[in-house]
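I have placed the structure first, in the form of structure tokens, so that the comments after it can refer back to it.
Just so it is clear, none of the values below were taken in a lab; they were calculated from the coordinates. Note that this is a predicted model, so its numbers are computed, not measured. Glycine also receives a Cβ, built like all others from the backbone with ideal geometry; neighbour counts cover every protein chain displayed.
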Amino acid sequence: MKQTDDLEQHLARLEGCRRCGHAEPIRPILSRARRPRVMLVGQAPGKVEISSQKPFAGRAGKTLFRWLAEAGLSEEEARDRIYIAAMTRCFPGPHPSGRGDRVPSRQELEQCGSWLDDELMLIRPKLIIPVGKLAIGRFLGEAPLADVVGREHEVAHRGGSSVVVPLPHPSGASSWIHASGHRELVSRALRLIGERMRALAAVAAVVLALALGARSAAAQVPADHWIGTDKVKHFFMSALVQSLAYSVTQVTTQGSRSSLLLSASVASAAVGIGKEMYDRRSYGHFSVRDLAWDAAGAGTASLMLSRTRN
Ligand code: SF4
């Protein structure tokens, strides 16, 4: 599938990125989702992610996946269905104060931003979940968390437009979550995420059912022999179409019998070819043998009509 291939190529390029010159073993942390319709954008990986090579593998991740469980998603499901990106993909290092991680610099954010832009264009997500102030600011601009968490926002970006449902950063370093009423805002945001995820799963199930239905219909196309009941049907249907077309042209136009027969032949040929084109589009099956039997039916009807009296 094209999106999956393009995403694989993108991830291969991202994996080799060393623009910020971080020392080994610091390298980009990649999402494992390959056919996502939803993106989650965090701030930057932490130290724990260096060894696990999984986004949100540390303490903040535990809280995040506990929250997502409220939206009806297990951690495994979330990692498979949600493309987990970040404002920068490499661990920026510890904060100079020794408390927590360093916030990525403006230069790092600018250098890494093109990866996120490319992903928005590749994935065209229906839903984006920015996590933490830095990621929320990227999509919604500067705004107090209490004004944006717990709501849906329609946001235009490089890949089109998406519904954005922000979450605060789940790290213990943020005290926002403990203020009065803020946990209720997070619960509301998780309900919205759950509803969107279920709707997307339902749409994906319908698309899959339609695709499987079309494939099984194609598999049921009978073998195309020269002789068979389907060919008898083609013969008689075509003779009937020819006779009807002749009657209609006789009523609606003036002309010799041969010109009426010619008009009827054109009409029945158009019906026969049209049916084969439809079969080819629907089932990948175009039969010259069906057309030959159509011609035989139409020809026989023409012969009989040319011998009858007006
Ligand atoms: S932070 Fe982003 S731009 Fe910098 S090296 Fe890592 S992947 Fe590349």
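Measuring max minus min along each principal axis, the C-alpha atoms of the stretch 9-165 give extents of 39, 34, 32 Å (largest first). Calculated FRET efficiency, residue 191 to residue 32, Cβ-Cβ distance, R0 = 25 Å: about 0.45 to the nearest 0.05. Give the residue from 199, 243, 155 lying farthest towards the positive end of the charge dipole for the chain; charges sit on Cβ (+1 for Lys and Arg, -1 for Asp and Glu) and the dipole is referred to the Cα centre. Working it through, the farthest residue towards the positive pole turns out to be 243.
Between residue 102 and residue 308, the distance separating the two model label sites (each 7 Å from Cα on the Cα→Cβ line) works out to 9.3 nm. Taking 7 Å steps out from each Cα toward its Cβ at residue 121 and residue 95 produces label points 3.6 nm apart.
In this structure the amide hydrogen of residue 102, modeled in the peptide plane, comes within under 5 Å of the amide hydrogens of 93, 95, none closer than 5 places in sequence on its chain.
Restricting to DSSP loop positions (anything but H, G, I, E, B) with no more than 14 other Cβ atoms inside 10 Å of their own Cβ, which trypsin sites (Lys or Arg not before Pro) remain in the stretch 55-127?
Values: sites: 59, 62, 66, 79, 81, 89, 99, 102, 106, 126; in loops: 89, 99, 102, 126.
Those satisfying the criteria are 99, 102.
Once the chain from residue 232 to residue 259 is taken as fully extended at 0.36 nm per residue, the excess over their C-alpha distance is 7.0 nm.
Taking a Cβ cut-off of under 10 Å around residue 192, the surrounding Lys, Arg, Asp and Glu residues balance to a net charge of +2, with basic ones at +1 and acidic ones at -1. Phi angles across the stretch 64-72 convert, under the Karplus curve 6.51 cos²θ - 1.76 cosθ + 1.60 with θ = phi - 60°, into 3J(HN,Hα) values of 4, 6, 5, 4, 5, 4, 5, 8, x Hz, Gly and Pro given as x. A Cβ-based charge dipole, computed about the Cα centre of the chain with Lys and Arg at +1 and Asp and Glu at -1, lands at about 160 debye.
Karplus-derived 3J(HN,Hα) values for the stretch 80-93, using 6.51 cos²θ - 1.76 cosθ + 1.60 with θ = phi - 60°, are 7, 9, 10, 7, 8, 10, 7, 5, 9, 9, 10, 4, x, x Hz; glycine and proline are entered as x.
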